[in-house]
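Notes follow the structure.
The values are calculated or read from the model by the stated rules, or taken from the named source; none is laboratory data. Please read all numbers here as calculations on a predicted model, not as lab measurements. Heads up, the Cβs are rebuilt from the backbone with ideal geometry, glycines too, and the neighbour counts pull from every protein chain shown.
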């Protein structure tokens with residue numbers, strides 16, 4: 001439980017005195033949660049500080065003006081590892097960790113990564129109201145998951161409780177709660193001729209009101225002052241317009257996908273990470289290209305429609321290409337259900353085969369981020385179709401019964417493709433077939 005905090009004057013004041021003073025003076029979320037709810041939340045915090053990289057140099061933050069909400073663009077295990085231990089790049093470069101104060105899993109479990117009094121390196125190149133290096137004056141909260149996938153109700157509840165507590169401790173109001181995509185900015189690139197907003201897409205799916213944050217910004221102060229160019233998409237998400245007008249959004253946000261289309265560019269998907277080595281592009285023709293190679297090969301404006309964009313990848317392109325092209329896909333630390341299936345992760349046509357032997361359609365999975373490693377999945381399939389004496393593999397699949405995209409599942413837990421089966425007369429009892437929705441042409 002939080003009991004004391006440091007004011008700029010250096011005097012240590014009890015939590016209860018802070019509570020009564022701030023409750024009367026600062027517009028906050030305190031009306032939304034009771035003291036007992038806040039206390040229970042703090043008692044259930046999972047202390048992850050002992051996993052912090054010993055090479056991370058702690059320095060105390062001199063002031064706290066903002067709370068920055070992020071989406072990690074990773075599954076939970078990878079998120080905890082990266083924010084605590086740091087990120088490893090294929091070039092050999094490493095970061096020292098300390099990239100967040102808190103992480104909130106999709107089921108609401110909340111982890112304390114770094115003591116809130118220290119500076120976390122979480123905002124990178126950032127600006128708000130003319131002030132740069134927002135990491136120096138803010139707390140960072142990571143939501144495990146992706147900016148194109150809705151944040152879960154459990155995450156919103158935990159985030160609301162955490163914001164409630166932090167607002168009281170630091171004397172902040174709701175306008176102090178911002179997303180990384182709101183404060184990050186980038187240098188000129190193929191889409192913008194000047195410094196601009198939009199370097200990160202992180203937490204663009206965050207709906208402030210669902211976390212109890214009622215008073216938000218109706219415009220971007222740095223765009224309005226001419227310090228930065230606006231990002232049209234983010235301006236529409238957060239301020240209801242791509243211009244400088246301050247009309248709030250009247251329609252719900254429709255989340256995009258990680259697939260390039262005529263209106264969904266590499267920039268709108270990946271933001272400032274578009275040309276990183278760790279951003280990988282899976283082209284429709286089967287090629288796999290890293291972000292740092294595209295400018296010198298096919299060019300950014302020539303990426304074909306239906307190219308899939310994967311963020312934060314540390315696998316070699318050849319390995320990633322094999323995983324992406326396989327009919328039976330496998331969940332790993334790099335490739336989550338979202339990485340494989342995108343917006344289809346929770347559809348009936350995405351089938352999950354858990355290591356326990358249980359099989360579920362995507363619509364029955366309540367938390368795809370907590371699926372165990374080595375869970376296998378089929379994306380864009382229908383079934384199962386049980387094989388019987390009367391209903392043979394040929395009668396079910398036709399000429400495709402031997403095809404590589406026709407999947408056979410045996411009660412022993414084996415998943416295999418039609419082209420790997422030698423003797424179809426010896427299929428084990430209980431065998432089932434899964435068929436692709438759009439069969440490949442020979």
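Candidates 172, 178: the one that is more than 19 Å from residue 126 (Cα to Cα), in contact with a strand residue (DSSP E or B) (Cβ under 9 Å, 6 or more places away or on another chain) and in contact (Cβ under 8 Å) with a residue 60 or more places away in the chain is 172.
The test for being buried (at least 20 other Cβ atoms within 10 Å of the Cβ) and either modelled with pLDDT under 90 or under 16 Å from residue 437 (Cα atoms) (or both) holds for residue 345. The set of residues in region 119-141 being touching a strand residue (DSSP E or B) at 6+ places or on another chain (Cβ under 6 Å) and closer than 16 Å to residue 53 by Cβ consists of 120, 122, 140. Among the residues of region 340-377, those identified as more than 20 Å from residue 320 (Cβ to Cβ), under 20 Å from the mean Cα position of the chain (by Cα) and assigned to a loop (DSSP other than H, G, I, E, B) are 347, 365, 366, 367, 372. Within this structure, residue 44 fails the test of being modelled with pLDDT of 50 or more, touching a helix residue (DSSP H, G or I) at 6+ places or on another chain (Cβ under 8 Å) and exposed (fewer than 15 other Cβ atoms within 10 Å of the Cβ).
Whether any residue in region 69-76 is assigned to a helix (DSSP H, G or I), buried (at least 18 other Cβ atoms within 10 Å of the Cβ), without any contact (Cβ under 8 Å) to a residue 40 or more places away in the chain and at negative phi is what I want to check.
At the first step, the residues of region 69-76 found to be assigned to a helix (DSSP H, G or I) are 76.
Still in the list and also buried (at least 18 other Cβ atoms within 10 Å of the Cβ): 76.
If we keep only those that are without any contact (Cβ under 8 Å) to a residue 40 or more places away in the chain too, we end up with none.
Looking for residues that are assigned to a helix (DSSP H, G or I), buried (at least 18 other Cβ atoms within 10 Å of the Cβ), without any contact (Cβ under 8 Å) to a residue 40 or more places away in the chain and at negative phi, one finds none in region 69-76, hence no.
Restricting the search to region 311-339, which residues are at pLDDT below 80 and outside any helix (DSSP H, G or I)? Across region 311-339, the qualifying residues are 314, 315, 316, 333, 334.
Here's the yes/no breakdown for (1) closer than 26 Å to residue 274 by Cα; (2) at pLDDT below 95; (3) crowded, with 16+ Cβ neighbours inside 10 Å:
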position: 178; (1), (2), (3): yes, no, yes
position: 184; (1), (2), (3): yes, no, yes
position: 202; (1), (2), (3): yes, yes, yes
position: 206; (1), (2), (3): yes, no, yes
position: 221; (1), (2), (3): yes, no, no
position: 225; (1), (2), (3): no, no, no
position: 229; (1), (2), (3): yes, no, yes
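For region 173-184, the set of residues classified as in contact with a helix residue (DSSP H, G or I) (Cβ under 8 Å, 6 or more places away or on another chain) and either at positive phi or assigned to a helix (DSSP H, G or I) (or both) consists of 174, 176, 181, 182, 183, listed by residue number.
What single numbered condition from (1) free of Cβ contacts under 8 Å to residues at least 40 places away in the same chain; (2) assigned to a loop (DSSP other than H, G, I, E, B); (3) at positive phi fails to hold for residue 398? For residue 398, the failing item is (2).
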